[in-house]
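Below: one structure, written as structure tokens.
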Amino acid sequence: MAAAPPPPSYRLLGGRIPYVEGPLKVTGRAEYTDDIKRPGMLVGRLLRSPFAHARIRSIDVSAAREIPGVFAILTGDRYPTPFGVLPITHDETAIAVDKARYIGDIVAAVAARDERTAERAMAAIRVDYEPLPEHTDPRSGLVKVVEPIHARGLNGSNIQKEVVQHFGDVDAAFAQAAASVRVRANFAGVTHAFTEPMATIAESTPDGRLTVTSSTQVPHYLHRSLSEVLGIPMHRIRVIKPEVGGGFGGKSDPLPHEIACAALALETGRPVKVLFDREDVFLTNHGRHPTQNEIRIAADADGHLLAYDLEAVIEGGAWSSFGTVTTYYNGVFAMGPYRVPNFRYRGRRVYTNRPPNGAMRAHGGTNVRYAIEVALDELAEQLKIDPAELRRRNALAPHSTTISQFRITSTSFLQCLDASTGRSGFAEKLRRLPYGHGVGLGCGFYISGSNSPIHFTPKMPQCTVHLKVDMDGGIAVHCMQADIGQGSNTLLAAIVAEVLGVDLVRVHVQRVDSDVSPVDLGSYSSRVTFMMGNAARQAAERLRDQLLAAAAEITGYPADQFVVGLERYEVAHRPNVGVTFEAALEKAMERGGALLASGSYTTPPMGGTYKGARAGTSPAYSFAAYVAQVEVDVETGVYHVEKVWAAFDCGRPLNRLAVEGQIEGSIHMGLGQLMGESMNYRGARLLNPSLLEYKIPMPQQMPEVEVLLVGEDDPEGPFGAKEAGEGPLVATLPAVANALYDAIGVRFYDLPITPDKVVRGIERRRTEGRGWKGVD
């Protein structure tokens, strides 16, 4: 059989491309929402409920309205239309209507000339609350309750969504299994802890238009929600997204404060800014769901997986947010990177009177992956099979289909396993390092964007990119994709420059502005590289065709004989025959002026026909295999992750600088959830709503990371690329947990794993008389 041809090489793509906005950011000149000043701008403030669950009998704002400098006060009855990121679960309001559902729920909004006046007005508002039963235990909400949080709860309970799936015959598989394991795991809620707090500026102008500038990951969804709640046609609303200082999913919903700010601008006729402090950010939350899950796995004597049996109880907080998707994802993301011939899942997401939970980096895949990877290590130990070999025997094959009818295109999972275990010396170190030292393996996979859009109407592409080039030779790129710091603007510019053969400095990615930016659905579900990348490539190729037609007209050679060089188009094998980019541009413009081109991307049809079949389907999946090495102080329980070998399959990495940064950042975020981050509550009250009390890993806790980019070109990805923004997180947590077991012989099923839990685990093992590595 003839060897496969080598993959093509590119001038820019595949290299290390500095971020195009980097100079502006490092010099402090990048413009974020809070940097924007408007003449006569008012200060917006939000009054929050002190009760977790209470009926609002009345709100008296008369005294507050009399305060000089107060321009508007709004309560929930002014704009009561419910909204939400998912059209099937609209249960949020901009301002609470009838009752408050958590401590921090917005009950009134104020616009005033300055902060002091706004604070005085809020203090003067009188709210008469009728306290209601508080619901803080998701398991208690699984049955009918007194005063459900939402009327839409299932059968009088607080269940927001229930998912039941069964493929194959799980019970029969367990009956014939040679080995099985059960893991019950508990995960505290964690939040995104992005740098930039939420901020929104809204302005209603005399021409009847409303302009909203906001720190958001989803300008298109915000645009829709503003129209729905405020009752204004979308064409009269303009949404602008400036630079965003991180999001990680926390800005991927249209949020109540954004709509409240816009409503205040409509009421006053003046620009209004709402800027959150850090406590506001914590109360808005939409972070990773606290979860209780139970995983059972069955295998035959050779370590081939026979079945998964999963159950999850997921705490949703006060609103639905992405919760319906979350409930599906906590099951379906168990499918890879292994073959599972029989599968059963029951997931229930339950409302509680706590801040809402939503999408956070590696949404829906992190907690279930931890439990599965820990269970697989237990299974390997039971069967006396090397943990890497167990995973190797069950790897999904390229161009295969899971039992749930997920389509797998490219996968280099086996190469990831070989790279991380080989570079780390995993086989030589496992169970052979001294007591207190250990290595562990964790694996994962993730989607490159959801195959199914959130909104089914109107039918339109999931991403569109417009290009314009005029006589100045600069190429303007318009797209509503939201760069939130991950480098997507740089990738967008690099793809266009690569296809057209021009220097990167010619390409100018324009600020997201709904008046001029074609629709892209936003930055979530790791969709941007795959979907924006394909749309950008198509647009650039269409623009290139116009330029090559002009080059053909100048030289007399057919357009299909030209090859693209740097700022020049040459006839193949005739390097002396060609034209410059600018000469081709001038010729092409003779017919109709500025050149325009548009590209778009829509995912191909895929998935099954059963209920929920679209959840988790994706045009491609990333794969990962990480090895972590740890050192544990067995007296204090303090542990240090010394190094992580991170082998990751993102197809072709189009910007190695960005991909490496995403992997390193994902590892840091994963370590946070594992080592100490936790939303701590006393009942319904959040106890640590600040970055002083919410413990993000310090720089000295970050391990050395060796990034191993492993993978072949994906057949449908842009230039062979897949995602690298969220998938790199999920393998981190189980790799470290399995390394802790290798170090001290203790399994951990409750996250975070804090030093006190480590000490208790060591003491329990000693009390039970179970030595480890020769230590009693």
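Condition test on residue 728, is it within 21 Å of residue 247 (Cα to Cα) and touching a Phe, Trp or Tyr at 6+ places or on another chain (Cβ under 6 Å)?
Details: within 21 Å of residue 247 (Cα to Cα): yes; touching a Phe, Trp or Tyr at 6+ places or on another chain (Cβ under 6 Å): yes.
For residue 728, the condition - within 21 Å of residue 247 (Cα to Cα) and touching a Phe, Trp or Tyr at 6+ places or on another chain (Cβ under 6 Å) - is met.
Looking only at segment 344-360, decide whether some residue is within 22 Å of residue 182 (Cβ to Cβ), at pLDDT 95 or above and in a loop (DSSP other than H, G, I, E, B).
Pass one, segment 344-360, residues within 22 Å of residue 182 (Cβ to Cβ): 344-348.
After this cut, where a residue has to be at pLDDT 95 or above as well, the list is 344-348.
Imposing the further condition that a residue be in a loop (DSSP other than H, G, I, E, B) reduces the set to none.
No, segment 344-360 has no match at all.
Out of (1) open to solvent by 20 Å² or more (accessible area, probe 1.4 Å); (2) within 24 Å of residue 356 (Cβ to Cβ), what's the single condition that is false for residue 657?
(2)
Out of all the residues in segment 110-165, which are over 35 Å from the mean Cα position of the chain (by Cα) and polar (S, T, N, Q)?
Of everything in segment 110-165, just one residue is over 35 Å from the mean Cα position of the chain (by Cα) and polar (S, T, N, Q), namely 117.
Please give the number of the condition residue 394 fails out of (1) within 25 Å of residue 748 (Cβ to Cβ); (2) surrounded by 22 or more Cβ atoms within 10 Å (Cβ to Cβ).
Status for residue 394: all satisfied but (2).
Which residue, of 385, 372, is open to solvent by 10 Å² or more (accessible area, probe 1.4 Å) and at pLDDT 95 or above? Talk me through it step by step, then tell me what you get.
Working: 372 fails: open to solvent by 10 Å² or more (accessible area, probe 1.4 Å).
None of the others qualify; the one that does is 385.
Report, by residue number, each residue of segment 7-23 that is more than 19 Å from residue 496 (Cα to Cα) and in contact (Cβ under 8 Å) with a residue 24 or more places away in the chain.
Hit for segment 7-23 is 7, nothing else.
Just one of 716, 712, 706, 693 is without any contact (Cβ under 8 Å) to a residue 60 or more places away in the chain and open to solvent by 10 Å² or more (accessible area, probe 1.4 Å); which is it?
693
Only one of these conditions is not met by residue 596: (1) over 25 Å from the mean Cα position of the chain (by Cα); (2) buried (at least 17 other Cβ atoms within 10 Å of the Cβ); (3) of a type in the set (A, V, I, L, M, F, W, C). Which number is it?
(2)
Looking only at residues that are more than 28 Å from residue 338 (Cβ to Cβ) and among the polar types (S, T, N, Q) in segment 437-478, which one is modelled with the lowest pLDDT?
Within segment 437-478, the first condition is being more than 28 Å from residue 338 (Cβ to Cβ), and the residues that meet it are 437, 453-478.
Subset that is among the polar types (S, T, N, Q): 457, 462, 464.
Numbers: 457: 81, 462: 96, 464: 98.
This residue is 457.
Could you check how many residues of segment 555-593 are of a type in the set (Phe, Trp, Tyr) and in a strand (DSSP E or B)?
First, pick out the residues of segment 555-593 that are of a type in the set (Phe, Trp, Tyr): 557, 562, 569, 581.
Narrowing further to those that are in a strand (DSSP E or B): 562, 569.
Residues flagged as of a type in the set (Phe, Trp, Tyr) and in a strand (DSSP E or B) within segment 555-593 amount to 2.
In segment 605-618, is there at least one residue being without any contact (Cβ under 8 Å) to a residue 12 or more places away in the chain, out of contact with any Asp or Glu (no Cβ under 7 Å at 6 or more places or on another chain), open to solvent by 10 Å² or more (accessible area, probe 1.4 Å) and within 30 Å of residue 499 (Cβ to Cβ)?
Yes, the conditions are met somewhere in segment 605-618.
Would it be correct to say that residue 354 is open to solvent by 10 Å² or more (accessible area, probe 1.4 Å), in contact (Cβ under 8 Å) with a residue 12 or more places away in the chain and more than 30 Å from residue 689 (Cβ to Cβ)? Give the steps one after another, and end with the answer.
Details: open to solvent by 10 Å² or more (accessible area, probe 1.4 Å): yes; in contact (Cβ under 8 Å) with a residue 12 or more places away in the chain: yes; more than 30 Å from residue 689 (Cβ to Cβ): no.
Answer is no for this residue.
Conditions tested, residue by residue: (1) on the phi > 0 side of the Ramachandran plot; (2) outside any helix (DSSP H, G or I).
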residue: 600; (1), (2): no, yes
residue: 607; (1), (2): yes, yes
residue: 610; (1), (2): no, yes
residue: 613; (1), (2): no, yes
residue: 619; (1), (2): no, yes
residue: 631; (1), (2): no, yes
residue: 643; (1), (2): no, yes
residue: 668; (1), (2): no, no
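Mind listing whichever residues of segment 192-205 are open to solvent by 10 Å² or more (accessible area, probe 1.4 Å), assigned to a loop (DSSP other than H, G, I, E, B), of a type outside the set (Gly, Ala, Ser) and in contact (Cβ under 8 Å) with a residue 24 or more places away in the chain?
Within segment 192-205, 195, 196, 197 qualify.
Looking at segment 209-223, which of the residues that are of a type outside the set (S, T, N, Q) and in a loop (DSSP other than H, G, I, E, B) is least open to solvent (accessible area, probe 1.4 Å)? Walk me through it before giving the result.
Within segment 209-223, the subset of a type outside the set (S, T, N, Q) is 209-210, 212, 218-223.
Subsequent filtering for residues that are in a loop (DSSP other than H, G, I, E, B) retains 209, 218.
Values: 209: 60, 218: 0 Å².
By that ranking, first place goes to 218.
Are any residues in segment 440-457 open to solvent by 20 Å² or more (accessible area, probe 1.4 Å), β-branched (Val, Ile, Thr) and in contact (Cβ under 8 Å) with a residue 60 or more places away in the chain, and if so, which ones?
Kept after step one, since they are open to solvent by 20 Å² or more (accessible area, probe 1.4 Å), are these residues of segment 440-457: 450, 452-457.
From the residues that got through so far, the ones that are β-branched (Val, Ile, Thr) too are 454, 457.
Listed by number, the list holds a single entry, 454.
Please go through segment 509-534 and give me each residue that is closer than 18 Å to residue 322 by Cβ, among the β-branched types (Val, Ile, Thr) and assigned to a loop (DSSP other than H, G, I, E, B), ordered by number.
Hits for segment 509-534: nothing passes.
Quick one: what pairs do we get from segment 569-584, first residue touching a residue at least 24 places away in the same chain (Cβ under 8 Å), second open to solvent by 40 Å² or more (accessible area, probe 1.4 Å), C-beta under 6 Å, 6+ apart or different chains?
Note: pairs meeting the criteria are 578/568; 578/570; 579/554; 581/567.
Just checking, which of 728, 752, 734, 703 is over 22 Å from residue 363 (Cβ atoms), of a type outside the set (Ser, Thr, Tyr) and at pLDDT 95 or above? I'd like the intermediate steps shown before the answer.
Values: 728 fails: over 22 Å from residue 363 (Cβ atoms); 752 fails: over 22 Å from residue 363 (Cβ atoms); 734 fails: over 22 Å from residue 363 (Cβ atoms).
After applying the criteria, what remains is 703.
Counting residues that are open to solvent by 10 Å² or more (accessible area, probe 1.4 Å), over 28 Å from residue 26 (Cα atoms) and in contact (Cβ under 8 Å) with a residue 40 or more places away in the chain, which strands (runs of 3 or more DSSP E) fully inside segment 224-303 reach at least 1?
Details: elements: 237-241, 272-275, 291-299.
Counting at least 1 such residues, we get 237-241, 291-299.
Tell me the residue from 539, 584 that is closer than 30 Å to residue 407 by Cβ, at pLDDT 95 or above and buried (at least 24 other Cβ atoms within 10 Å of the Cβ), please. Write out each step before concluding.
Values: 584 fails: closer than 30 Å to residue 407 by Cβ.
Only one candidate qualifies: 539.
Condition check ((1) open to solvent by 10 Å² or more (accessible area, probe 1.4 Å); (2) in contact (Cβ under 8 Å) with a residue 40 or more places away in the chain) across all residues:
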{"site": "651", "(1), (2)": "no, yes"}
{"site": "679", "(1), (2)": "yes, yes"}
{"site": "699", "(1), (2)": "yes, no"}
{"site": "733", "(1), (2)": "no, yes"}
{"site": "755", "(1), (2)": "yes, yes"}
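Do we find that residue 116 is out of contact with any Lys or Arg (no Cβ under 9 Å at 6 or more places or on another chain), free of Cβ contacts under 8 Å to residues at least 12 places away in the same chain, open to solvent by 20 Å² or more (accessible area, probe 1.4 Å) and of a type in the set (Lys, Arg) in this structure? Before you say what the answer is, go through the steps one by one.
Working: out of contact with any Lys or Arg (no Cβ under 9 Å at 6 or more places or on another chain): yes; free of Cβ contacts under 8 Å to residues at least 12 places away in the same chain: yes; open to solvent by 20 Å² or more (accessible area, probe 1.4 Å): yes; of a type in the set (Lys, Arg): yes.
It is true that residue 116 is out of contact with any Lys or Arg (no Cβ under 9 Å at 6 or more places or on another chain), free of Cβ contacts under 8 Å to residues at least 12 places away in the same chain, open to solvent by 20 Å² or more (accessible area, probe 1.4 Å) and of a type in the set (Lys, Arg).
So for segment 306-314 (the condition being among the β-branched types (Val, Ile, Thr), assigned to a loop (DSSP other than H, G, I, E, B) and buried (at least 24 other Cβ atoms within 10 Å of the Cβ)), does at least one residue qualify?
Of all residues in segment 306-314, those among the β-branched types (Val, Ile, Thr) come to 313-314.
Retained after the next criterion (residues that are assigned to a loop (DSSP other than H, G, I, E, B)): none.
No - not one qualifying residue is present in segment 306-314.
Tell me which residues, restricted to segment 112-127, are among the β-branched types (Val, Ile, Thr) and in contact with a Gly (Cβ under 7 Å, 6 or more places away or on another chain). Step through it out loud before you land on a result.
Pass one, segment 112-127, residues among the β-branched types (Val, Ile, Thr): 117, 125, 127.
Residue satisfying the conditions is 117 alone.
So, in segment 542-558, exactly how many residues are touching a residue at least 40 places away in the same chain (Cβ under 8 Å) and open to solvent by 20 Å² or more (accessible area, probe 1.4 Å)?
The total comes to 3.
The values are calculated or read from the model by the stated rules, or taken from the named source; none is laboratory data. All values derive from a computational prediction rather than experimental measurement. Every residue, glycine among them, receives a Cβ derived from its backbone with ideal geometry; neighbour counts consider all protein chains shown. Protein only, heavy atoms only, side chains kept; ligands, DNA and RNA dropped before computing areas. Shrake-Rupley method; radii C 1.70, N 1.55, O 1.52, S 1.80 Å.
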